[in-house]
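Accompanying notes for the structure given below.
The values are calculated or read from the model by the stated rules, or taken from the named source; none is laboratory data. What you are looking at is a predicted structure, and each value in this text was computed from that prediction instead of being measured. Ideal geometry is used to build each Cβ from the backbone, glycine not excepted, and the neighbour counts take in all protein chains shown.
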Amino acid sequence: MQAQQDDVITPQQAVTLHGLFLERVRRTPDKIAYRHFQQNAWRDLTWREMRSQVARWQAALAGLGLQRGDRVAIMLRNCPYWMMFDQAAMSLGLVVVPLYTVDRPDNIAYIVNDAGVKVLLFETAEQWQALRTVRDKLGSVLRFISIDSIRNNNDHSLQSMAEFLPPAAQLLRAQLGNPDELASIIYTSGTTGKPKGVMLSHANMLSNAHACLDTFTVHSNDLFLSFLPLSHTFERTLGYYLAVMTGTTVAFARSIPLLSEDLKTIRPTLIISVPRIYERIYGAIRARLEDGSSLRRSLFHLAVETGWARFEHAQGRGPWKVSFLLWPLLQKLVAQKVLDRLGGRLRSAISGGAALAPEISRVFIGLGLPIVQGYGLTETSPVISGNCKGMNFPDSVGQPIRDVQVRLGEQSELLVKGPNVMLGYWNNPEATRAMIDADGWLNTGDVAHIADTGHIYITGRTKEIIVMSNGEKIPPTDMEIAILHDPLFDQVMIFGEAHPYLVALAVVNPQGWEHFAQEVGIRADMPEALTDSRVEAKVLKRIARNLRDFPGYAKVNRVLLLREPWSIENGLLTPTLKIKRAEVAQRFATEIRELYDGH
């Protein structure tokens, strides 16, 4: 059953993000708001229960004597406490600063100092131990609050949640305030340099969430599975505020390692994710196919091709085919088995945050899971554009959402203007002026092409173009996506700035490497196998095959193979799973130099 239109709360009715919450509680007090795993069981919270808990946090925060506009920080995994603290803070006119739980202590200290954070909410004793390593740099914090009780605490500024919150309180209906008032400072993780604090207003995020409903339908009886960090604007705007706006229930996944199990238990109808998660699921499917029979592989490919052709026909871009008659059988034997591993009820999957390889979206769409890709930046609250089901071009990032204007700049960079554009960077007017011109156009830094249909195609980044010593310009991201079509590779990065030719660093897929080593006739577990000249020659041939559609000068001459994945933990991925290009270049500077020496 589709949600009635009056179930959706408009930005005008909400006024602010806290007003949105209050209106949702008023409309559907006994509906389940959140589902979370606590004390070895899944538990539900209604909107009425959420209001009671928000009241306790509001009373406790009000007791600290903070002023409207003061900053408070949240460093929690996705859970109802995130929402409780966020809503209580906003009810008092406080500005929320989300922090990644996986971020390095020195980076957290930088953000806390830059924002002048007065209160910091975190979860565990392990987090406290990490914070203590930079405790002398957290001077602005008046109160630390931990969800868990921490033993042997001798820091008077630290209280556990049990100590901090009153047993009960009445929610004070605060003045809703101005929708254009600063609501949150969100620090961009950044692949280079220090993070910048993006200032977003209530209107920024409310208008963005509401406009997205034109692009993909959300029903009040939908069930979101939330696993992308709430400190990521993509999850916060769509997986949190949009869910409040539509009255949708949100279940919080326990962790990424347990995601597969949670998908089957929760059986969501909607998920929002970055490409890395879809890549992992696709990688697992691919590994099982490699180990299966040739008949199983043939059936899988037939199902994907038939499903894709059906999708193109439904979109009005392809003919009806006789093979469509096989679909009920292929769906039963192949497609449904894959979709059941995702819970079996997914109505739509939204991808954003980075480019999703067309090959991966083709597989999922072919199997009957309509992935719609969108695009945006933290600085645009975050959504700029998105595909809709009826006009889905998977290799594009869709059309601009309502009230958002786009155009191309002098270097074909995408410029954006609309109610979603940030107020500016916190304490950084120079960076703000560099990003937003006097007429309000924000420069995304992404090179784009806009089709006649209005669909946007991202073709590169102005700052990530490699200029070789011969003057040729290379878009490394496009080449990396093409190379990743090969199941041998999990992660790839291209180098060549000011050099005569290109080199690649590639992290091998464990299963793909095993199969490849057998083909070459070497032992996969030998340390020297990765640097064997026969291996490099064969790998370069495989890379060349995937780059055949690129110009002749876009050729990779040398490759360094690596076993250890680039991760958040080893400092080579941002918390949003993007490669830190500068960090990778620095970490492997010696090896990269050796790839050029003597050539």
Looking at segment 49-58, is at least one residue in contact (Cβ under 8 Å) with a residue 24 or more places away in the chain, charged (D, E, K, R) and not in a helix (DSSP H, G or I)? no
I'm checking my understanding of the structure. Among residues of segment 509-563 that are basic (Lys, Arg) and under 21 Å from Ile474 (Cβ atoms), which one is surrounded by the fewest Cβ atoms within 10 Å (Cβ to Cβ)? Arg548
For segment 142-165, which residues satisfy the criterion of being farther than 24 Å from Gln38 by Cα, free of Cβ contacts under 8 Å to residues at least 40 places away in the same chain and not polar (S, T, N, Q)? Asp155, His156
Residue under evaluation Gly307, criteria (1) small (Gly, Ala, Ser); (2) crowded, with 19+ Cβ neighbours inside 10 Å; (3) closer than 30 Å to Ser567 by Cβ, criterion not met: (3)
Condition met for Ile483 (free of Cβ contacts under 8 Å to residues at least 40 places away in the same chain, more than 25 Å from Phe234 (Cα to Cα) and either crowded, with 18+ Cβ neighbours inside 10 Å or not aromatic (Phe, Trp, Tyr) (or both)): no
Has segment 496-509 got at least one residue that is under 23 Å from Gln586 (Cβ atoms), at pLDDT below 90 and hydrophobic (A, V, I, L, M, F, W, C)? yes
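What number of residues within segment 320-340 satisfy the criterion of being assigned to a loop (DSSP other than H, G, I, E, B) and either surrounded by 14 or more Cβ atoms within 10 Å (Cβ to Cβ) or at positive phi (or both)?
Matching residues across segment 320-340 total 1.
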Touching a Phe, Trp or Tyr at 6+ places or on another chain (Cβ under 7 Å), in a loop (DSSP other than H, G, I, E, B), in contact (Cβ under 8 Å) with a residue 24 or more places away in the chain and closer than 23 Å to Arg71 by Cα, is that true of Leu171? no
Assess whether Leu61 counts as being assigned by TED's automatic domain parsing to the domain that holds Tyr240 and in a helix (DSSP H, G or I). yes
Taking Val539 as the residue in question, decide whether it is part of a helix (DSSP H, G or I), assigned by TED's automatic domain parsing to the domain that holds Ala582 and in contact (Cβ under 8 Å) with a residue 40 or more places away in the chain. yes
Would you be able to tell me the number of residues in segment 542-564 that are of a type in the set (D, E, K, R), farther than 16 Å from Asp486 by Cα and not in a loop (DSSP other than H, G, I, E, B)? 1
Evaluate segment 495-515: report whether one residue or more is among the acidic types (Asp, Glu) and more than 27 Å from Arg563 (Cα to Cα). no
I need the strands (runs of 3 or more DSSP E) fully contained in segment 439-501, keeping only those with at least 3 residues that are over 30 Å from Arg402 (Cβ atoms). 489-495
Name the single residue, out of those in segment 569-599 being assigned to a loop (DSSP other than H, G, I, E, B) and hydroxyl-bearing (Ser, Thr, Tyr), that is farthest from Glu279 (Cα to Cα). Thr574
Quickly run through segment 376-431 and pick out the residues that are among the hydrophobic types (A, V, I, L, M, F, W, C) and in a strand (DSSP E or B). Val383, Ile384, Cys388, Met391, Val406, Leu408, Leu414, Leu415, Val416
Would you mind stating whether Lys473 is among the charged types (D, E, K, R), surrounded by fewer than 16 Cβ atoms within 10 Å (Cβ to Cβ) and within 30 Å of Gly353 (Cα to Cα)? yes
Out of all the residues in segment 107-158, which are in a strand (DSSP E or B) and crowded, with 20+ Cβ neighbours inside 10 Å? Val117, Lys118, Val119, Leu120, Leu121, Phe122, Phe144, Ile145, Ser146, Leu158
Could you look through segment 223-264, keep only residues that are of a type in the set (Val, Ile, Thr) and assigned to a loop (DSSP other than H, G, I, E, B), and pick out the one that is farthest from the chain's Cα centre (by Cα)? Thr248
Give me the residue from segment 43-95 that is crowded, with 20+ Cβ neighbours inside 10 Å and aromatic (Phe, Trp, Tyr) and, out of that set, nearest to Val119 (Cα to Cα). Phe85
For Val244, are the conditions met, namely being in the same structural domain as Asn113 (by TED's automatic domain parsing), within 21 Å of Val397 (Cβ to Cβ) and of a type in the set (A, V, I, L, M)? no
Taking Arg317 and the conditions (1) in contact with a Leu (Cβ under 8 Å, 6 or more places away or on another chain); (2) modelled with pLDDT of 95 or more; (3) farther than 26 Å from Asn204 by Cβ; (4) not in a helix (DSSP H, G or I), which numbered condition does it fall short on, given that it satisfies the others? (1)
If only one of Arg280, Arg254 is without any contact (Cβ under 8 Å) to a residue 12 or more places away in the chain and surrounded by fewer than 20 Cβ atoms within 10 Å (Cβ to Cβ), which one is it? Arg280
